[in-house]
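Each reported figure results from applying straightforward, stated rules to the coordinates on display, with no laboratory input. Owing to the predicted nature of the structure, the values given are computational and were not obtained by experimental measurement. Ideal geometry is used to build each Cβ from the backbone, glycine not excepted, and the neighbour counts take in all protein chains shown.
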Amino acid sequence: MQTGELLGSGRTADVFAIDDHWVLRRYRDGGDATAETAVLAYLAERGYPVPRVRGPAGATPGTAPRSDLVMERLHGPTMLQALLLGTITAEEAGSALAGLLHRLHSVPARGSADPTHRILHLDLHPDNVVLTSGGPMVIDWCNTEEGPPGLDWGMSSLILAQVAVDTTALAAPARKVLASLLTHLAPAVAAGDSGCGYLTEAGKRRAADPSMSESETSLLDDAMRLVLELTSPSRTSTRMSGRTS
């Protein structure tokens, strides 16, 4: 398929302009976008804020490369860009991320027979949310699967915590976003045994992620300790008291 301007590159895919309304997301190294396309269509049908998807223009059904995903072109900054510009606060970003996770986990799973399972994003952080004029839109669903919602919370928390314990200029705002996110986390997941289990599983997945650098992996232990510190029962109780006083 003919592509236009390169709009951005992630760890596994590139995004090209088609026109002002559509973009092509193409996986490198033979990645398959089939499952991601199906999830985006399913969520859009149920009102979740994701880009619309369609088949490549002029292509015979079933002939488009499995690495290609044609989706709606979104206009607006990412949540991360808005944070850096100061047009959204860290507290607002954390609250918005929590709201997007809660909303996602209210949608029934597509295939799992387990009634507690939901669709999971597993990479929801400020750079994967685009703030459009119509509201925030969630992008980059390449890691999506179905499972317990606690695992999604664990992954988002740990991703933010890895930035928060680093030495970059993003560390301080990332910690504030994380604290805000965890304030809106259900106490049973934040402080209970199941919450620790989901965080441990998230840590294993992050450690096994081949796209992470050695320096990123080295931050995992400190990141997990930070999440546990921020979700300790005493801190959770103090935050909740502050919100209701």
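Remarks
- Equivalent ellipsoid, region 144-187 (semi-axes from 5 times Cα gyration tensor eigenvalues, Å): 22, 13, 6
- Overall Cα dimensions of the chain - principal axes, largest extent first, Å: 59, 43, 38
- Amide hydrogen neighbours beyond the local backbone of LEU7, cut-off 5 Å, H modeled: VAL15, PHE16, ALA17
- Ranked by the mean number of other Cβ atoms within 10 Å per residue, highest first, peptides 69-82, 172-185, 15-28 order as 172-185, 69-82, 15-28.
- Listing MET137, MET155 from fewest to most neighbouring C-beta atoms within 10 Å gives MET137, MET155.
- Here the relative contact order of the chain, from alpha carbon pairs under 8 Å that lie six or more residues apart, stands at 15 percent.
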